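Input: a single structure, listed below in structure tokens.
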Amino acid sequence: MSTVETGKFIDEGRVQEALGAATDKDAGHARAVLDKARDLKGLEMEDVAVLSSISDPELLGELFATARDVKDAIYGARLVLFAPLYVSNMCTNDCLYCAFRARNKELKRRALTQDEIRREVELLVDEGHKRILLVAGESYPKQGFQYVLDSVATIYSVKKDHGEIRRVNVNVAPLTVDEFRALKATGIGTYQLFQETYHRETYKAVHVGGKKRDYDWRVTGMHRAMEAGIDDVGIGVLFGLYDWRFELLAMLQHIRELERAFGVGPHTISMPRLEPASGSDMASHPPQPVSDIDFRKIVAILRLAVPYTGMIMSTRETPNLRRETFALGISQISAGSRTNPGGYAEDEEFDAAQFQLGDHRRLDEVIRDVAELGYIPSFCTACYRLGRTGMDFMDLAKPGDIKHHCDPNALSTFLEYLLDYGSETTRAVGETLIDDRTAAMDPVRRAHTETMLAKVRAGERDVLC
């Protein structure tokens with residue numbers, strides 16, 4: 001088997017060597033790495049190891065300040081919002097940290113029908129959502145993988161008043177190349193797959209049954225997805241299973257391997273922490289717990305290591321911690337989430353959910369909070385539909401040209417939300433933010449943005465830049 005087929009591009013020896021060498025580096029070396037990060041060209045594994053070892057409060061403050069500068073330089077004040085849609089919690093795997101594990105008899109098993117999926121989507125549209133992340137346990141009803149393809153089609157078919165879902169991202173089990181091609185043909189945005197942990201022995205210990213036990217099949221999943229033509233992929237680690245420092249360096253190896261093989265790395269990185277889950281003692285007592293301060297370090301370091309990659313924060317975390325990470329690197333957040341099939345229609349939660357939530361607020365409340373902090377809540381999906389994906393996206397992002405598209409699109413889609421779905425209080429906060437952000441633009445972009453906003457106020461929707 002080739003290196004790619006066996007996943008040997010994750011070199012644990014090199015990771016441990018880099019972590020060991022970093023312990024000898026002084027504050028001057030750490031500051032040199034921060035200076036390098038300000039060039040917006042990313043960091044290598046040895047650099048990340050040095051930043052991971054920072055504990056001095058003054059240096060930590062410099063790390064966070066540098067991350068804020070890099071985040072602002074590339075993403076500005078935009079913050080993209082989405083909601084997960086769990087269509088099934090059926091699963092044949094036995095992952096010790098997950099409520100969906102096959103041997104969890106406490107969980108109510110359910111796979112939504114297409115009519116039930118349609119109803120869930122209608123409710124999300126009524127809230128104002130434009131992006132959905134479809135999530136399923138790693139087993140499907142009798143239709144097999146066709147169930148996922150049908151579900152994507154159902155989501156896109158829903159049109160209600162001014163609302164629709166313009167982008168469906170997908171988080172399902174790793175597929176064959178042919179299956180990935182079929183998934184791409186449905187018009188998805190990003191395909192998302194988490195390795196959970198890159199440490200082989202830990203991976204083996206926490207995955208005790210089902211196809212997910214195959215480390216190599218999972219870690220090479222993105223290669224098959226990109227070979228099939230899906231050029232926007234999202235990776236992630238479940239922090240708490242193993243040493244987070246190791247996970248960061250191994251993840252960077254994965255990113256560099258994708259860049260080597262396909263010319264572009266992942267479009268997004270997600271960073272969930274272990275949260276309590278029914279039927280899992282491990283989820284309540286993580287083997288390698290990650291403190292809040294270390295979690296903020298993770299966000300900041302990743303922002304410096306891969307400055308142009310989107311970073312996602314879910315509702316696993318509390319509102320306060322989510323707020324703190326916006327400035328450090330987070331560019332996408334979920335809001336108003338349910339993690340169980342049928343959760344939006346029935347408002348049930350933990351008895352059929354994958355994990356406990358830390359942020360239970362409705363979308364409107366999250367949006368108002370985000371706007372009051374000075375960030376632009378964005379529902380933009382233009383890049384996917386105008387071909388700005390994969391390498392094309394990076395070609396615009398790295399010289400800073402993507403901002404010319406993103407800021408106007410963020411403001412126009414935010415205005416759509418305010419006019420169609422926003423509460424009176426949120427609308428007042430949002431209109432002030434839109435005025436302030438538009439006024440701060442250069443004259444050319446301001447004129448273009450004002451034209452887009454005028455079209456939205458006149459009743460036009462999905463105005464693309």
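Assign one of three labels to region 129-177, namely rounded, prolate or oblate, based on the Cα gyration tensor with a ≥ b ≥ c the square roots of its eigenvalues; rounded applies when a/c is under 1.5, prolate when it is not and a/b is larger than b/c, and oblate otherwise.
Cα axes put region 129-177 in the prolate bin.
Given N residues in the chain, what is its alpha carbon radius of gyration divided by 2.2 N^0.38 Å?
So the Cα radius of gyration is 0.94 times the expected 2.2 N^0.38 Å.
Principal axis extents for region 28-163, Cα atoms only, whole Å, descending order, please.
On the principal axes, region 28-163 reaches 59, 43, 24 Å in Cα extent.
According to a simple spin-label model (label point 7 Å from Cα along Cα-to-Cβ), what is the distance in nm between GLN143 and LYS455?
3.5 nm
Could you calculate the contour length gain from ALA73 to ASP39, that is, 0.36 nm times the residue separation minus the distance between their Cα atoms, to one decimal place in nm?
Working it through step by step, the gained length comes to 11.2 nm.
If the limit is 25 Å between Cα atoms, which of LYS105/LYS130; LYS8/LYS184; LYS41/LYS297; LYS130/LYS297 go over it?
Over 25 Å apart, Cα to Cα: LYS105/LYS130; LYS8/LYS184; LYS130/LYS297.
What trypsin sites (Lys or Arg not before Pro) in region 17-57 are in a loop by DSSP, with at most 16 other Cβ atoms within 10 Å of the Cβ?
ARG38, LYS41
Please report the spacing between the Cα centers of region 184-258 and region 291-327 in Å, no decimals.
With region 184-258 and region 291-327 each reduced to a Cα centre, they are spaced 19 Å.
How about region 40-109: which GluC sites (Glu not before Pro) there are in a DSSP loop, with at most 13 other Cβ atoms within 10 Å of their Cβ?
Sparse-neighbourhood loop GluC sites (Glu not before Pro): GLU106.
Just tell me, in residue order, which DSSP H segments of the chain are both 24 angstrom or longer along the helix axis (alpha-carbon based) and at least -1.0 in mean Kyte-Doolittle hydropathy.
The answer, listed by residue number, is 57-75, 244-262, 403-420.
Among 334-340, 12-18, what's the highest-first ranking by average C-beta atoms within 10 angstrom per residue?
In decreasing order of mean packing, 334-340, 12-18 become 334-340, 12-18.
What 222 nm value per residue comes from the helices of the chain, counting each DSSP H run with n ≥ 4 as -39,500 (n - 2.57) and dividing by all residues, nearest 500 deg cm²/dmol?
Calculated from helices alone, the mean residue ellipticity at 222 nm is -14500 deg cm²/dmol.
Normalise the Debye intensity by I(0) for region 1-87, one equal point scatterer per Cα, no solvent, then take log10 at q = 0.10, 0.13 Å⁻¹ and round to two decimals.
Each listed q maps to, in turn, -0.40, -0.63.
Every number here is computed from the coordinates shown, using simple stated rules; none is lab data. Because the structure is predicted, anything quoted here is derived from the model rather than measured. For neighbour counting, all protein chains shown are included, and Cβ atoms are generated from backbone atoms with ideal geometry for every residue, glycine included.
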